[in-house]
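Worksheet: one structure, shown below.
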Amino acid sequence: MSIEHRNPDELFKLPGFSQAVQTSAGKRLYIAGQGAFDKNMNLIGANDYEAQARQAFNNIAIALADAGASPEQLVSSVM
């Protein structure tokens, strides 16, 4: 099984942190810890929780698209 750490250009970068991890075992993509940050690490919607939620879900969509997937293919979202 291969493991690939994915960091789309549209999302922020941090040392030691991956936006998503993809495995070759059943072509799975693991995404965790998405927040309301743009690719420059700016907080979107500082006092607007709806705007923050939209940004976090947009970040998930970006990570999915980077792996060739879409939100319709998301299996689980545990909050």
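The values are calculated or read from the model by the stated rules, or taken from the named source; none is laboratory data. As the structure is a prediction and not an experimental result, all values here were calculated from the model. For neighbour counting, all protein chains shown are included, and Cβ atoms are generated from backbone atoms with ideal geometry for every residue, glycine included. In case anyone asks, the SASA skips ligands and DNA or RNA and just uses the protein heavy atoms, side chains included. Shrake-Rupley method; radii C 1.70, N 1.55, O 1.52, S 1.80 Å.
Among the candidates 31, 44, the residue that is under 25 Å from residue 1 (Cβ atoms) and among the β-branched types (Val, Ile, Thr) is uniquely 31. For the stretch 66-74, the count of residues that are open to solvent by less than 70 Å² (accessible area, probe 1.4 Å), part of a helix (DSSP H, G or I) and under 22 Å from residue 4 (Cα atoms) is nonzero. Could you go through the stretch 13-31 and let me know if any residue there is of a type in the set (D, E, K, R) and assigned to a loop (DSSP other than H, G, I, E, B). Yes, the stretch 13-31 contains a residue that is of a type in the set (D, E, K, R) and assigned to a loop (DSSP other than H, G, I, E, B).
Which ones in the stretch 48-59 are open to solvent by less than 100 Å² (accessible area, probe 1.4 Å) and over 12 Å from the mean Cα position of the chain (by Cα)? Full working, then the answer.
Taking the stretch 48-59 first, the residues open to solvent by less than 100 Å² (accessible area, probe 1.4 Å) are 48, 51-53, 55-56, 58-59.
Hits for the stretch 48-59 are 48, 51, 52, 53.
Give the residue that is least open to solvent (accessible area, probe 1.4 Å), with candidates limited to residues of the stretch 18-47 that are modelled with pLDDT under 90 and over 17 Å from residue 76 (Cα atoms). Selected residue: 25.
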